[in-house]
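Structure record follows, encoded as structure tokens.
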Amino acid sequence: MPGPFETPSPVTEKPGGPQPGGELSTVRKYLQARGNSALADKGFRWLMILCALSIFAIVALICTELVLRSQLTIAKFGIKFFFGSAWDPVNGNFGALPFVYGTLVSSIVSLIIAVPLAVGVAVFITEMCPRMLRGILAFLTELLAAIPSVVYGLWAVFVLVPILREHVNPILIKLLGWSGLFAEPNFGIGMLAAGIILAIMILPIISSLTREVMSAVPNTQREAVLALGATRWEMIRMGVLRNARIGIVGSIILGLGRALGETMAVTMVIGNSPQIMKNLLAPGYSMASVIANEFSEASDDMYRSALIEIGLALFLVTIVVNGLARLLVWAVTRGAPPRSA
Amino acid sequence: MGVGINVTNLNAWYGTTHALLDINLPIPANEATALIGPSGCGKSTFVRCLNRMHETNPVARVVGSVRMGDIDIYKDVSPVEVRRRIGMVFQRPNPFPTMSIYDNVASGLRLNGFGNRRVLDEVVERSLRSAALWDEVKADLKKKSGASLSGGQQQRLCIARALAVDPEVLLMDEPASALDPVSTAKIEDLIFQLKSQYTIVIVTHNMQQAARVAERTGFFLNGKLVEFDSTHKIFTNPGDKRTEDYITGRFG
Amino acid sequence: MANQYRTSAWNRYSRYVSDHLATGLAVLSTILVIAPLIAIFIYLLYKGASSLNLAFFTQIPKPVGETGGGMANAIVGSAVVLAIGSAIGVPIGIAAGVFLAEFGQGGRLANVVRFTADVLNGVPSIVMGVAVYSLIVLPQKHFSAFAGGVALGIMMIPTITRTTEEMLLMVPHSIREAALGLGVPNWRSVLSVSLRTASPGVITGCMLAFARVAGETAPLLFTAFGNQFWSVNLAQPIAALPLQIYVYALSPYDEWHRLAWAGALVLIVLIVVSVSLVRYVTSRGVLKGAN
């Protein structure tokens, strides 16, 4: 190497670079003939935009179809559609209250069961569990989310319902019958069965999101509480859950959103009876289930319109609920909204 | 052969920050021109203006004239065309991780639609020889991925990749700053040998490196070109006091 | 005076008890959650495995009253419907993801697209089925495999879009710059460099979406509708595994119940394998060597 201020020594080795008139000026000629690809770039950009906008178009289409095809019953019944309790397709009388009631009650029952368990699992996995078990347990709860609805329904019909009918419900009737919530007749299928299977299905969502928001709480919060002499549970309660509570509420709402729209498993165990009863052991009906059961047989336009209006209501409610949930979860984790199960 | 670049009244902004102020710099052909200066003085920004990489930043703006031969690279041609004639080697080696060594070197041509196998083979070999990497990799050209080489080798691979499209100018933005001294020395040797075919502009933090490889040196400070002269003069008898302060280590 | 700083024995005791109670409850919850999972799997295995024979995979259902038969038409039908769905969902999803990552960062349009994709993700599957029925089945006046494929494809889009965007954003900026610096046009750089570098993750996202819709029944109820016989005609109703399971489960015939369990086992195995594969790929590091 020549020193700082000396002229460089002559190049001793032929560098093997471009030769005049050799292959590389072929390269140069080729590239110069290529042009500026501005057209291709523009075309590409517009193609991507088109695909992105197609998502918008799809949602818009879904919305308009639902609104258009439910016009008949919207015009005839107005808002009273959702307060009428008589579902009488034969006589053209449609009241959707039983289904609204069924959807709400089954969802609430499922939340009552699922939330404590999901939060418990999340707390265990995030704060208490030995490191080795963490991955396996997380994987198993995610696996719960992967099981299709119809498989849950199958299992519920042949396993859960008999267990409820023979073992659980009689005890409930005996112990809690005074409340009116648990009474004969006891078929096994009904609101409680639907609530339980829904609970199992929404558990993974609530649990994994809760885990995410809990993990997002910085360790400094945990350490601060521990440094004050708190027990582990107090640390979790004051240092983690308190900070994450907005996100946990968000995950619960997301679970609710999922429960509201869940169809197959619920349809298989809810009993499909459009009645409003306090008894949780009685058969009921949900908004998603009535559509699933009766849509193919809906013979006239009014009938179909009624069912589509129920679908429209379900659509709007789930948008609002999911939107709210994502807002809350995002506010806590402060990133892109997490993957839904 | 390389061509020279003539920069007149170049101004550049990042959003509202005025990063380059009225730069006038004639870069001679077939020589190595070094650009030195403290961190943040604008030398990297300047070099990225030469191949229109500066404008890939959404808030970037450029005003002024950069001429290569008789073509104004901002007004007469598209950025894509400019970058095929003015190549760039970046500070950190960035070979394409999913491609083999061969594919990396050939990428500039392949991704522009060039398909002639025979010519590609020869171009790859020539470029790797120019980058002094051929002997080390010729056995596993297609088997090893570009990312599996050592740091110094990766940077030479990037140089080979840049050379494969046969540019007239090669811009090097602190090419050896992430490398160990042995690799640095190899790169500097390379620059020596490449000078005869290409015009080279090298940004460097290392004044000794500038002194070793470049005929001319420009000193940047706070977005302005303070002094531009032969390397010898800059380092032995700088005209501007600020240049002298920088070289003697009073700051930066 | 020192006494005011000493906690009472009762205080310490009750905090000790609460701590252990909380731990116990958390462990109990975990057991209560994992138990049904294991129960379901074991029961599926027990009920389904015995019915899994060659006939299951090669024959169509026998008429009511006869034993034997299988769900070959449902398996093939599911494959057909999923293929159509993927053909629709994967390109649109990836393209939308490319848009969000490359052209949309911080823009208004991008935020609208992301929000819309989220909305689409939350649409209950039964509503999706009704909508596609309205849009495709009604005008065509018949149920079809195509309509079923469309419904599933639409449901795949949001997951694929989100994953593609995330994975593309993880491609280091330096790689992108390297491609641009060579004078490669932007579109080629996005496709052949960025997307290629991100491809393990993008493929993972597609598999995730696929696994999710593979088990969906509700969207197929009024679109693909189901078919007791062998059919691969895209313009006719077609059988699908989840649909068949649903119909059989609710039927009064033991033979069909047996088939339902077998079908459920096949479905679960497929899905669990996909999910596990996805997890394996992501845990090993999606962008191997990109750093």
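The values are calculated or read from the model by the stated rules, or taken from the named source; none is laboratory data. Here the structure is a predicted model, which means the values were calculated and not measured. FYI the Cβ positions are ideal-geometry reconstructions off the backbone, even for glycines, and counts take in every protein chain you see.
Annotations
- Test: residue in the stretch B:161-178 that is touching a residue at least 12 places away in the same chain (Cβ under 8 Å), assigned to a helix (DSSP H, G or I) and over 28 Å from B:V7 (Cα atoms): no
- Inter-residue pairs, beta-carbon under 7 Å, first at the interface with chain B (Cβ under 7 Å from one of its Cβ atoms) and in the stretch A:23-43, second surrounded by 16 or more Cβ atoms within 10 Å (Cβ to Cβ) and among the basic types (K, R), 6+ apart: A:L24/B:R126; A:L31/B:R84
- Residue that is farthest from C:V213 (Cα to Cα), among those in the stretch C:258-276 that are facing another protein chain (nearest Cβ under 9 Å) and surrounded by fewer than 21 Cβ atoms within 10 Å (Cβ to Cβ): C:S276
- Condition met for A:G271 (touching a Leu at 6+ places or on another chain (Cβ under 8 Å) and crowded, with 18+ Cβ neighbours inside 10 Å): no
- Checking each residue in the stretch C:190-219 for being among the hydroxyl-bearing types (S, T, Y), under 30 Å from B:V82 (Cβ atoms) and surrounded by fewer than 24 Cβ atoms within 10 Å (Cβ to Cβ) picks out C:S192, C:S194, C:S199.
- Test: residue in the stretch C:42-60 that is among the β-branched types (V, I, T), within 14 Å of another protein chain (Cβ to nearest Cβ) and more than 18 Å from C:R258 (Cβ to Cβ): no
- Set A:I136, A:I147, A:I173, A:I189: member being within 28 Å of the chain's Cα centre (by Cα) and under 20 Å from A:A282 (Cα atoms): A:I189
- Comparison of C:A117, C:A101 shows that the only residue that is within 7 Å of another protein chain (Cβ to nearest Cβ), under 25 Å from A:F44 (Cβ atoms) and modelled with pLDDT under 95 is C:A117.
- Selection count where residues are away from chain C (no Cβ under 14 Å), more than 18 Å from the chain's Cα centre (by Cα) and of a type in the set (G, A, S), scope the stretch B:14-66: 3
- Number of positions in the stretch A:217-238 that are crowded, with 16+ Cβ neighbours inside 10 Å and small (G, A, S): 1
- Qualifying residue in the stretch C:72-95 (condition: farther than 19 Å from C:V213 by Cα, buried (at least 24 other Cβ atoms within 10 Å of the Cβ) and of a type outside the set (K, R)): no
- Exactly one residue out of B:M53, B:M99 is of a type outside the set (S, T, N, Q) and under 12 Å from C:L180 (Cβ atoms): that is B:M53.
- Sub-6 Å Cβ pairs linking a first residue in the stretch C:90-109 that is touching a residue at least 24 places away in the same chain (Cβ under 8 Å) to a second residue that is of a type in the set (S, T, Y), at least 6 apart or interchain, are C:I92/A:S54; C:G93/C:T161; C:I94/C:T164; C:A96/C:T161; C:G97/C:T161; C:G97/C:T164, ordered by first then second residue.
- Contact map, the stretch B:64-91: residues that are closer than 26 Å to B:I191 by Cα paired with residues that are surrounded by fewer than 18 Cβ atoms within 10 Å (Cβ to Cβ) and among the polar types (S, T, N, Q), Cβ distance under 7 Å, separation 6+ or inter-chain. Pairs shown: B:R67/B:N6; B:V80/A:N36; B:E81/A:N36; B:F90/C:S174; B:Q91/B:S177.
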